[in-house]
1. Dipole magnitude of the chain about its Cα centre, charges +1 at Lys/Arg Cβ and -1 at Asp/Glu Cβ only, in debye to the nearest 20?
2. Rounded to the nearest 500, what is the chain's calculated 222 nm mean residue ellipticity when only DSSP H runs of at least 4 contribute -39500 (n - 2.57) each, over all residues?
3. Could you state the accessible area per residue of the chain in Å², with a 1.4 Å probe and every protein chain left in place?
4. State, to one decimal in nm, how far the label point of residue 42 lies from the label point of residue 29, with both points 7 Å from Cα in the Cβ direction.
5. If you rank 103, 8 by how much accessible surface each has, with a 1.4 Å probe, what is the order from largest down?
6. Can you give the local net charge around residue 110? Use residues other than it whose beta-carbon is closer than 15 angstrom to its beta-carbon, Lys and Arg +1, Asp and Glu -1.
7. Please list 123, 90, 114 in order of solvent-accessible area, largest first, computed with a 1.4 Å probe with all protein chains present.
8. At what distance in nm do the modelled label points of residue 68 and residue 54 sit from each other, each positioned 7 Å from its Cα along Cα→Cβ?
Amino acid sequence: MDAVPATEEPWHRLLDEAARAMRRAYAPYSGYQVGAAGLADDGRLLVGCNVENASYGVGLCAECGLVSQLAATGGGRLTHVVCVNRAAEVIMPCGRCRQLLSEAGGPGLLLLTVSGVRPMSEVLPDAFGPDALQAARPGG
Ligand code: THU
């Protein structure tokens, strides 16, 4: 599947914003800068970049910043997300971040991926989520 043309809205704007965020990444250890951009269901633009640390394991992915900005600026649901590398090429969110994005956007969240626009339900099938916790509660 071909990637969506970069001129198609809202992906054109999100690719631009992700690249802008990527240039602010703090990635001195891996040298791998990542930017993420997304939209909330009220149209808010959200961005994030990866922030590494001398204590390697505590580094933050770009998507962590984006999801934090979603909560910090009023909450809501993510509707569209894209992540890019230093060359401004689309990359896939890592496994941990698929989990984060899944809860922040639900199965219908649209991701621009290396294989085109795909819903979260395809990028993280059979996702673990809050419903599993609810179902496991006594009487749930
Ligand atoms: N990284 C992200 O920011 N998001 C991803 O989905 C994949 C990986 C970052 C983490 C680390 O700072 C660098 O890329 C190399 O793994």
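The values are calculated or read from the model by the stated rules, or taken from the named source; none is laboratory data. Note that the structure is a prediction, hence the values are computed from the model and not measured. Please note: Cβ atoms are built from the backbone with ideal geometry, for glycine as well, and neighbour counts cover all protein chains shown. Remember, those area values only see protein heavy atoms, side chains included, never the ligands or the DNA or RNA. Shrake-Rupley method; radii C 1.70, N 1.55, O 1.52, S 1.80 Å.
1. 360 debye
2. -9000 deg cm²/dmol
3. In whole numbers, the chain has 54 Å² accessible per residue.
4. 3.6 nm
5. Details: 103 110, 8 85 Å².
The residues order as 103, 8, largest area first.
6. Spelling it out: positives minus negatives among the neighbours equals -1.
7. Solvent-accessible surface, decreasing: 114, 90, 123.
8. 1.9 nm
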